[in-house]
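The values are calculated or read from the model by the stated rules, or taken from the named source; none is laboratory data. Predicted model, so just to flag it, every value in this text is computed and none were measured. Cβ: placed from backbone, ideal geometry, glycine included. Neighbour counts: every protein chain shown.
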Amino acid sequence: MNQDQDKELGLALKRTLDPGDNRVFVSRVLARIDTAPMAPLFWDLLSSWARRGIPAAVMIAALTAFLLALPRQPAANLEDTLVGGTDGGASLFTSPGPPDAGPIANTP
Amino acid sequence: MSGDREAFGQIMERYAGSARRLCRAILRDSEDADDAAQDAFLSAWVKLGQYDPRRPLGPWLMRIVANAAKDRRRRREVRRTDELSESMPSSQAGPDRETDRRLLEAELQDALEELPVRYRAAVVLYDVEGYSHAEIAKIIGVPEGTVRSDVFHARRMLRQAMDDWKENWK
């Protein structure tokens, strides 16, 4: 409630704008509510989901596209990692001679 | 659901007068005003879930009412631009117009019609409905300082009309 209401003017305006009995008006609105009570709520709910869902979906799609576009590195090969040669560890098993221990023995 | 409806019916009974007066102040036509008030209450019914019960109900509801009236006014102005002079209902101005009260009402009605719509809404919400400047600012969506200024100017013009009436008829 405001403190410095102009009561005289307020009362005169209230009389001027007085719509009369409100009961008919209230009944009319309640009748409208009874005939179509929930339909707008459904659309409100749907639109509130859409408001949050659409930006979230756009962000997820953008993130997925970004991850797919990243350059792929080949998977690490055990043979390359252990031996470093092109023929890999297979030569250990196929060579008729013993393995050459030179590289290890000559390491300072 | 029926409990909600009953509770909403009580809310309407409490606020219907304020809502209809505000719509009349904005629209100046009783049928349009009641249609706008009805739109507002139906909209409030649908949006009831969005209402924060920690806040006062009046300003929340009156904001919906003001928006409904402004929407209707915009639509009406698009529809017809030449009928604005036909303002408040003729049923309001009955054969007993000669009585003092009716004359004052007519005088005030004319003065209201001269006011910009924002002044009308502000002064009715302030002096008739008793809302604060801050609440009215939220209801009609303008800064609080603007509301103060609108109420001041509206009062001055309406007071002038009341003084004229007193001079002529008292």
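Apart from one condition, B:Ile136 fits all of (1) crowded, with 20+ Cβ neighbours inside 10 Å; (2) modelled with pLDDT under 95; the exception is (2).
When the test is whether a residue is closer than 26 Å to B:Leu42 by Cα and either modelled with pLDDT of 90 or more or facing another protein chain (nearest Cβ under 10 Å) (or both), A:Arg51 does not pass it.
Residues are listed down the side, and each one gets a yes or a no for (1) modelled with pLDDT of 95 or more; (2) more than 7 Å from chain A (Cβ to nearest Cβ); (3) in contact with a strand residue (DSSP E or B) (Cβ under 8 Å, 6 or more places away or on another chain); (4) crowded, with 16+ Cβ neighbours inside 10 Å:
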{"residue": "B:Met1", "(1), (2), (3), (4)": "no, yes, no, no"}
{"residue": "B:Glu6", "(1), (2), (3), (4)": "no, yes, no, no"}
{"residue": "B:Gln10", "(1), (2), (3), (4)": "no, yes, no, no"}
{"residue": "B:Tyr15", "(1), (2), (3), (4)": "yes, yes, no, yes"}
{"residue": "B:Arg20", "(1), (2), (3), (4)": "yes, no, no, yes"}
{"residue": "B:Ala25", "(1), (2), (3), (4)": "no, no, no, yes"}
{"residue": "B:Ala36", "(1), (2), (3), (4)": "yes, yes, no, yes"}
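Please go through region A:3-13 and pick out each residue that is at the interface with chain B (Cβ under 7 Å from one of its Cβ atoms) and farther than 14 Å from B:Met162 by Cα.
If we filter region A:3-13 for residues that are at the interface with chain B (Cβ under 7 Å from one of its Cβ atoms), which is where we start, we get A:5-6, A:9-10, A:12-13.
Across region A:3-13, the qualifying residue is only A:Gln5.
Got a number for residues in region B:135-152 being under 13 Å from B:Ala121 (Cβ atoms) and either over 15 Å from the mean Cα position of the chain (by Cα) or not acidic (Asp, Glu) (or both)?
Applying the first criterion (under 13 Å from B:Ala121 (Cβ atoms)) to region B:135-152 yields B:135-142, B:146-147, B:150-151.
Of the ones still in play, those that are also either over 15 Å from the mean Cα position of the chain (by Cα) or not acidic (Asp, Glu) (or both) are B:136-142, B:146-147, B:151.
So the count comes out to 10.
Close contacts from region B:98-120, counting a first residue that is more than 12 Å from every other protein chain (Cβ to nearest Cβ) and within 15 Å of B:Leu27 (Cβ to Cβ) and a second that is in a helix (DSSP H, G or I) and of a type in the set (S, T, N, Q), with Cβ to Cβ under 9 Å and a gap of 6+ residues or different chains, come to B:Arg118/B:Thr146.
Among the residues in region B:51-59, are any more than 7 Å from chain A (Cβ to nearest Cβ), surrounded by 15 or more Cβ atoms within 10 Å (Cβ to Cβ) and assigned to a helix (DSSP H, G or I)? Quick ask: steps written out before the conclusion?
As a first pass, look at region B:51-59 and keep what is more than 7 Å from chain A (Cβ to nearest Cβ): B:51-59.
Still in the running and surrounded by 15 or more Cβ atoms within 10 Å (Cβ to Cβ): B:58-59.
Imposing the further condition that a residue be assigned to a helix (DSSP H, G or I) reduces the set to B:58-59.
Yes, because at least one residue in region B:51-59 is more than 7 Å from chain A (Cβ to nearest Cβ), surrounded by 15 or more Cβ atoms within 10 Å (Cβ to Cβ) and assigned to a helix (DSSP H, G or I).
Taken over region B:60-94, the criterion of being at pLDDT below 50 and either surrounded by 19 or more Cβ atoms within 10 Å (Cβ to Cβ) or within 13 Å of B:Ser43 (Cβ to Cβ) (or both) is satisfied by B:Met88, B:Gln92.
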